[in-house]
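The values are calculated or read from the model by the stated rules, or taken from the named source; none is laboratory data. Keep in mind that this is a model prediction, so the values were computed, not measured. Quick reminder, even Gly has a Cβ in these numbers, built from the backbone with ideal geometry, and neighbours come from all protein chains shown.
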Ligand code: ZN
């Protein structure tokens with residue numbers, strides 16, 4: 001049992017250098033921001049298509065969300081309570097000519113021109129399923145509802161680790177309805193998701209989630225997450241062989257969104273919800289780590305499975 005030649009930080013830096021040198025990703029100017037090559041994007045779309053096929057007949061309507069969501073709905077998800085350090089909102093300019101002149105002067109003088117912006121009615125989406133719940137207020141059909149959704153997520157965590165992108169996509173299968181069905185949705189998808197990722201040659205494990213809740217109150221939330229075992233992750237070696245990365249996660253929200261957004265079951269109780277989210281960029285990166293930067297030389301069965 002030899003010690004790894006590199007620590008996790010050196011491994012992450014080396015993997016990023018390899019991704020940039022291969023042209024699969026292009027540095028977007030700040031840590032955690034990348035432009036994607038055609039080859040990388042084709043892998044992402046292949047993973048998306050593979051997940052979609054696995055959900056065929058049980059996914060419900062497909063919805064594709066933009067990178068921003070209504071700020072009111074964002075506030076009601078409670079994301080700010082748990083992860084204020086990762087969240088972001090959008091500010092805009094709404095002045096007249098005088099304010100515009102002030103803005104241009106600030107820009108010219110290298111001052112902080114964003115001081116002259118004001119909050120808008122939108123925030124950056126925190127999770128792919130978050131924009132869905134506000135649209136479901138009311139009573140669900142008997143048996144609940146399934147949705148297949150995809151959206152961009154924002155996490156302000158600038159890092160040299162390529163798995164920590166500030167903007168990335170999750171492809172999710174969401175159930176909203178009865179408590180028992182929510183749990184079985186999560187459990188069935190956790191198994192199906194792990195099988196699907198394993199079929200691509202990935203070394204996957206299912207583990208209980210250990211989210212980085214913020215601050216003192218966060219320690220309680222983290223302890224509660226461990227005690228209730230509501231969220232699990234499918235992990236694989238991505239930017240480090242030593243420290244595994246979550247490439248998908250399956251989560252029971254109990255009645256949290258049902259209560260907050262006024263979603264009721266046909267029996268009149270607050271709906272429970274559950275989702276599995278496939279982290280599309282992270283899965284693509286896990287595949288690059290496993291099979292190399294030259295996608296054309298990946299095993300034929302993997303390339304076949306990723307046919308979009
Ligand atoms: Zn979700």
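Structure data summary
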quantity	calculated
Members of the range 268-308 that are in a loop (DSSP other than H, G, I, E, B) and within 17 Å of residue 193 (Cβ to Cβ)	306
Test for residue 272: is it assigned by TED's automatic domain parsing to the domain that holds residue 37, touching a helix residue (DSSP H, G or I) at 6+ places or on another chain (Cβ under 6 Å) and closer than 19 Å to residue 133 by Cβ	yes
Pairs, first under 10 Å from residue 126 (Cβ atoms) in the range 72-95, second assigned to a strand (DSSP E or B), C-beta under 6 Å, six or more apart	74/123; 88/124; 88/154
From the options 95, 88, residue that is modelled with pLDDT of 95 or more and in contact with a strand residue (DSSP E or B) (Cβ under 8 Å, 6 or more places away or on another chain)	88
Among residues of the range 261-308, those that are touching a residue at least 24 places away in the same chain (Cβ under 8 Å), crowded, with 16+ Cβ neighbours inside 10 Å and within 23 Å of residue 189 (Cβ to Cβ), counted	24
Hits in the range 46-69 (condition: surrounded by fewer than 17 Cβ atoms within 10 Å (Cβ to Cβ) and over 24 Å from residue 195 (Cα atoms))	64, 66, 67
Conditions (1) loosely packed, with under 14 Cβ neighbours inside 10 Å; (2) in the same structural domain as residue 214 (by TED's automatic domain parsing); (3) closer than 30 Å to residue 211 by Cα; number of the one not met by residue 143	(3)
One residue from 201, 218 being touching a residue at least 60 places away in the same chain (Cβ under 8 Å) and part of a helix (DSSP H, G or I)	218
Residue count, the range 81-131 (criterion: assigned by TED's automatic domain parsing to the domain that holds residue 253, in a helix (DSSP H, G or I) and surrounded by 16 or more Cβ atoms within 10 Å (Cβ to Cβ))	3
Identity of the residue in the range 146-166, surrounded by fewer than 20 Cβ atoms within 10 Å (Cβ to Cβ) and under 11 Å from residue 31 (Cα atoms), that ends up farthest from the ligand (Cβ to nearest atom)	160
